[in-house]
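Single-structure report; data block below.
The values are calculated or read from the model by the stated rules, or taken from the named source; none is laboratory data. All of these numbers come straight from a predicted model, not from anything done at the bench. Here the Cβ positions follow ideal geometry from the backbone for every residue, glycine too, while neighbour counts run over all protein chains shown.
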Amino acid sequence: MSAIAEVTKLAASIVANLPIIKGIHTAEEHEQALALMDLLLEDYDANLVVIEALSNVITRYEDQTKEFEEFNNRQAELVPAVATSLPEHLPRPHPGSVFKRRVLDKVNLNRATVAEKIGISTKHLSRFVNGHAPVTIEFARKLEAATSISAAAWMNYQVAYDLYRTTKVHTDPEKILCSQF
């Protein structure tokens, strides 16, 4: 069997066993996807492919559903200000390091207690603090509730970090549309 056929068969098996991977259509499915994400993060390396796919499904739902529309609109207004406040080539911290500096280092609580107060697993908190887990809208809301730092601020930290991280991707000047004008 060719490698492509094997991958196709594996993908079909994942979809059969995890139909939510095709898309989230309700708030209940969204909650189930977030709970599943927490479980998958317990063994990040082994679950990386499914984590990435599920993350995309969650993001797509959060970008398209009415429930997050107001937040997304506010976010759209704020992001350009953050993105242009400093040149993108200047290093930006991962939101987890901001959380560590602004919250963890200032409270007298162990990480298990902090994770419980936020409503996430200790493993997820550890991955976040160490820069291996991103801030999603839902996670930003949890951080806001636990820290009183706005969800928009947490999303802005994530966007600024992602923009910085992707500046290292080289673009072929021949493929840039604006260069044609």
Checklist entry - So which residues in region 120-154 are within 23 Å of LEU48 (Cβ to Cβ), not hydroxyl-bearing (Ser, Thr, Tyr) and not in a helix (DSSP H, G or I), if there are any at all? => result ILE120, ASN130, GLY131, HIS132, ALA133, PRO134, VAL135
Next on the checklist: If I ask for residues that are surrounded by fewer than 13 Cβ atoms within 10 Å (Cβ to Cβ) and at pLDDT below 65, which ones from region 87-99 would you list?
Outcome noted: PRO87, HIS89
Item to check | Enumeration of residues in region 15-58 that are among the polar types (S, T, N, Q) and either surrounded by 13 or more Cβ atoms within 10 Å (Cβ to Cβ) or in contact with a Cys (Cβ under 7 Å, 6 or more places away or on another chain) (or both) | outcome: GLN32, ASN47, SER55
Item to check | The one condition in (1) at pLDDT below 85; (2) of a type in the set (Lys, Arg); (3) surrounded by fewer than 17 Cβ atoms within 10 Å (Cβ to Cβ) that LYS117 fails to fulfil | outcome: (1)
Checklist entry - Does region 89-118 hold any residues that are touching a residue at least 24 places away in the same chain (Cβ under 8 Å) and in a loop (DSSP other than H, G, I, E, B), and which are they? => result HIS89, LEU90, PRO91, ARG92, PRO93, HIS94, VAL103
